[in-house]
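Take a look at the following structure, please.
The values are calculated or read from the model by the stated rules, or taken from the named source; none is laboratory data. Treat the numbers as computed from the prediction; the structure is a model and nothing was measured. Here the Cβ positions follow ideal geometry from the backbone for every residue, glycine too, while neighbour counts run over all protein chains shown. To get the accessible areas, we keep the full protein, side chains included, count just its heavy atoms, and leave off ligands, DNA and RNA. Shrake-Rupley method; radii C 1.70, N 1.55, O 1.52, S 1.80 Å.
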Amino acid sequence: MSLGPKRPTFKPTPYGYTRRSRGIPRWLLLLITGVVLGAGGVLFLQRSYGPQRLTVEQSEQLRTDLNTANMENQRLSVVSEKLQVQIKQARQDQQEQATRAEQLRKQAADMEAGVASLIQAIPPDPRGTSPGIRGADMVARDGGVDYRILLIQDLPEGQSEAPTLRGRIKLIAQGSYPNGNTAYVELVEQPLDMGRYIVVDGRAELPNKAFRPRQVTIQIMAEGSDKIIATRTFRVTAGR
């Protein structure tokens, strides 16, 4: 006996449509899994091989070191500027010194040329010796004799400089005492080292203040010899 209408029995066919149960698609699961694995890999690489994150203390230390480096850089910049100024000033001073040295060299050359002209104008030693005793001043004052002597050597033929002469120069005074006795008194003997010319000057004290010198004879001896190679006599004048 039938209690109601019968429903047709479902019979699947090869071309029929079947309705699947609802759920998460497989492709979405694969995508989510790939994203999770990729993010995990990135985190692993960062932790294993990437730069380490700094702690608060490390960050503060890094900031302090950076400030110190900046201050040191500023200090070095100031020092560098000062050094540049000093180098510039030193170069300027060097240039000025070089210019001054060149001026002095020219002045020395001019003076040397002037001296050469004066030497040519000075009368020669009457004895014709070299060195020649070209002139002398002998002044008696205050118990002594002030002297100034000009000696000049002749230039060897074809040369512009005279050889160095080393030896001795001696001064001998001739005069008298108040009682009228005549005497010779050696005033001074000193080393001599000269080139083309030299001025020998000084003061010789008289051994006896009563002695009155009238003239002084100049004698020149070569080094290591007592032979007189030049001599000349000059009158003594009374000083004021």
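Return a yes/no flag: does segment 157-169 have any residue that is surrounded by fewer than 20 Cβ atoms within 10 Å (Cβ to Cβ), closer than 21 Å to A238 by Cα and either touching a residue at least 40 places away in the same chain (Cβ under 8 Å) or more than 43 Å from the chain's Cα centre (by Cα) (or both).
No, segment 157-169 contains no residue that is surrounded by fewer than 20 Cβ atoms within 10 Å (Cβ to Cβ), closer than 21 Å to A238 by Cα and either touching a residue at least 40 places away in the same chain (Cβ under 8 Å) or more than 43 Å from the chain's Cα centre (by Cα) (or both).
Looking at segment 73-115, which of its residues are open to solvent by 100 Å² or more (accessible area, probe 1.4 Å), over 30 Å from G195 (Cα atoms) and polar (S, T, N, Q)?
Q74, Q84, Q86, Q94, Q95
Could we say that E57 is modelled with pLDDT of 75 or more, out of contact with any helix residue (DSSP H, G or I) (no Cβ under 8 Å at 6 or more places or on another chain), loosely packed, with under 10 Cβ neighbours inside 10 Å and in a helix (DSSP H, G or I) here?
Answer is yes for this residue.
Does segment 224-231 include one or more residues that are part of a loop (DSSP other than H, G, I, E, B), surrounded by 14 or more Cβ atoms within 10 Å (Cβ to Cβ) and in contact with a strand residue (DSSP E or B) (Cβ under 7 Å, 6 or more places away or on another chain)?
No, segment 224-231 contains no residue that is part of a loop (DSSP other than H, G, I, E, B), surrounded by 14 or more Cβ atoms within 10 Å (Cβ to Cβ) and in contact with a strand residue (DSSP E or B) (Cβ under 7 Å, 6 or more places away or on another chain).
Let me ask another. Which of the residues that make up segment 118-155 are surrounded by fewer than 20 Cβ atoms within 10 Å (Cβ to Cβ) and of a type in the set (V, I, T)?
I119, I122, T129, V139, listed by residue number.
If a residue must be of a type in the set (S, T, Y) and closer than 15 Å to I229 by Cβ, how many such residues does segment 119-168 contain?
Result for segment 119-168: 3.
Of the residues R214, R196, R235, R203, which single one is surrounded by 14 or more Cβ atoms within 10 Å (Cβ to Cβ) and among the basic types (K, R)?
Sole residue among the options that is surrounded by 14 or more Cβ atoms within 10 Å (Cβ to Cβ) and among the basic types (K, R): R196.
Moving on. Out of curiosity, is Y184 open to solvent by 70 Å² or more (accessible area, probe 1.4 Å) and among the hydroxyl-bearing types (S, T, Y)?
Yes, satisfied.
Only one of I87, I119, I133 is in a helix (DSSP H, G or I) and in contact (Cβ under 8 Å) with a residue 12 or more places away in the chain; which?
It is I119.
Looking at R134, R141, which one is closer than 14 Å to I220 by Cα and modelled with pLDDT of 90 or more?
When all the criteria are applied, what remains is R134.
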